[in-house]
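The values are calculated or read from the model by the stated rules, or taken from the named source; none is laboratory data. All values reported here derive from a predicted model rather than from experimental measurement. Positions of Cβ are backbone-derived with ideal geometry, glycine not excepted, and every protein chain shown enters the neighbour counts.
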Amino acid sequence: MAKMTSNRPYLVRAIYDWIVDNHCTPHVVVDAHCRGVSVPQQYVSDGQIILNVAPRAVSNFSMDLNSIGFSTRFGGVPTEIYIPIMAVLGVYARENGQGLMFASEEMGDADPIEDEEPSPPPRPKGGKKPSLKIIK
């Protein structure tokens, strides 16, 4: 039987589209220590960064099977963001926490810069407990 490609890019796209279609704000949790990730390091906490990827918050947005890229502003400074798809740890709606988180053992294709295991993603701020599911 032939080895199948990762389902991560398909799931990230599907959950992103679902969140936007339901008029919510999509956020992605990113392992900032994976090779190829380009994010403002001053906003990285515990090796991760959470990015608002709502259409109104970014420009030149592109998502394909390999990466997510867009332009945005951090502290008023224009910034180009690049995220290899395997560095995406999860995608969820800011308003209700619904979305999808990936188990760390699925990171086999990622190329972390450090040899340490990533810490669990931080809970979204806002009072409600997120209802995320880990897909294995």
* surrounded by 12 or more Cβ atoms within 10 Å (Cβ to Cβ), farther than 21 Å from C24 by Cα and modelled with pLDDT of 95 or more - does that describe any residue in segment 88-97? -> no
* Of (1) of a type outside the set (F, W, Y); (2) closer than 25 Å to N22 by Cβ; (3) at pLDDT below 50, A54 satisfies all except one. Which? -> (3)
* **Hey, G126 over 22 Å from P9 (Cα atoms) and either out of contact with any strand residue (DSSP E or B) (no Cβ under 9 Å at 6 or more places or on another chain) or at pLDDT 95 or above (or both) or not** => yes
* Considering only segment 46-64, state which residues are free of Cβ contacts under 8 Å to residues at least 60 places away in the same chain and surrounded by 11 or more Cβ atoms within 10 Å (Cβ to Cβ). => I49, L51, N52, V53, A54, P55, A57, V58, S59, F61, M63
* To do: Residues being outside any loop (DSSP other than H, G, I, E, B), within 25 Å of A103 (Cβ to Cβ) and among the small types (G, A, S): count how many of those fall in segment 20-60.
  => 2
* Asked: Looking at G36, is it on the phi > 0 side of the Ramachandran plot, buried (at least 17 other Cβ atoms within 10 Å of the Cβ), in contact (Cβ under 8 Å) with a residue 12 or more places away in the chain and not polar (S, T, N, Q)?
  -> no
